[in-house]
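This report concerns only the one structure given below.
The values are calculated or read from the model by the stated rules, or taken from the named source; none is laboratory data. Keep in mind that what you see is a predicted model, and the values were worked out from it rather than measured. Virtual Cβ from ideal backbone geometry, glycine too; neighbours counted across all protein chains shown.
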Amino acid sequence: MRRNQAKHRGRATYLRDLGRAFGGALLFSLPLLMTMEMWELGMTLEPWHQLLFLLASLPVLYGLAHYAGFTDRRGRWNNVLEVAVAFFVAAVTAAILLVLTGAWELGNPRVAIGQLTLQLVPAAIGALLARKQLAADGRQESICKGDYLGELFLMMAGALFLALNLAPTEEMQLVAYRIGPEMSLAVMGLSMLLLHIFVFEVGFAGQEEQETPLGALLHFTVPGYAICLLSSMGILALLGMNDAHGAGAVMANTVVLAFPASLGAAAARLLV
């Protein structure tokens, strides 16, 4: 009897966690699912480019399963299973919304697969972060933040959280085109300043105490902004947004995208 009750509770708990995963996938992927540029990328981006985007996401998703995850189960194989389930949740969520919005080009299998593939990564990220963001009882459930490298990883996850939603849009490239080198440097300075202030000065719940502002700057702000730049450059490259652009345009696009990414990185250490 007790064993059956335990199994029943285990199934009920997993179904609750799975439901939250669908909610997280929906909330995080909805902006991209409603973005015309993402629909077009599914048509124009080469299949090998789409596959590379998917493969590059696997280490990030595995890390999120380890540090967050939509269940409280941990371990190598549990993490792998959570990533697989997150992809399933992402595929179902994206397919339903693409159909409902009339954006899915089902008449062309190559385009239809491309559109779905590009939506899998953001939706899977949302699914893996659902336990933190959508706790059923209203509490913020604890997340294993790990050591210093774990902190930096979560900053990268936060950077991707925001940057992914903005990278495909034409507005980001338009802003990068309009600003000159001097304004790009100003954007970089403001990004680093906000990253430092948001995490270490404002007093948000969950922030870590540092002995000196210089220690905080060297240990988290500078590496964190470098992570934002690399993450932004990687996203733009994987989505083909830097194709046919010169070095100056690539750097401008990266700096502009790293601005919201830095805010996401700051929020990650407090909220993710």
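Points worth noting:
- Search result, residues across the range 55-102 that are assigned to a helix (DSSP H, G or I), touching a residue at least 60 places away in the same chain (Cβ under 8 Å) and surrounded by fewer than 16 Cβ atoms within 10 Å (Cβ to Cβ): Ala56, Val92
- Residue within the range 169-189 that is part of a helix (DSSP H, G or I), modelled with pLDDT under 85 and polar (S, T, N, Q) present: yes
- Single condition Leu134 does not satisfy, out of (1) touching a Gly at 6+ places or on another chain (Cβ under 8 Å); (2) modelled with pLDDT of 85 or more; (3) outside the structural domain of Leu257 (by TED's automatic domain parsing): (2)
- Just one of (1) in a helix (DSSP H, G or I); (2) within 21 Å of the chain's Cα centre (by Cα); (3) in contact (Cβ under 8 Å) with a residue 40 or more places away in the chain fails for Val111. It is (2).
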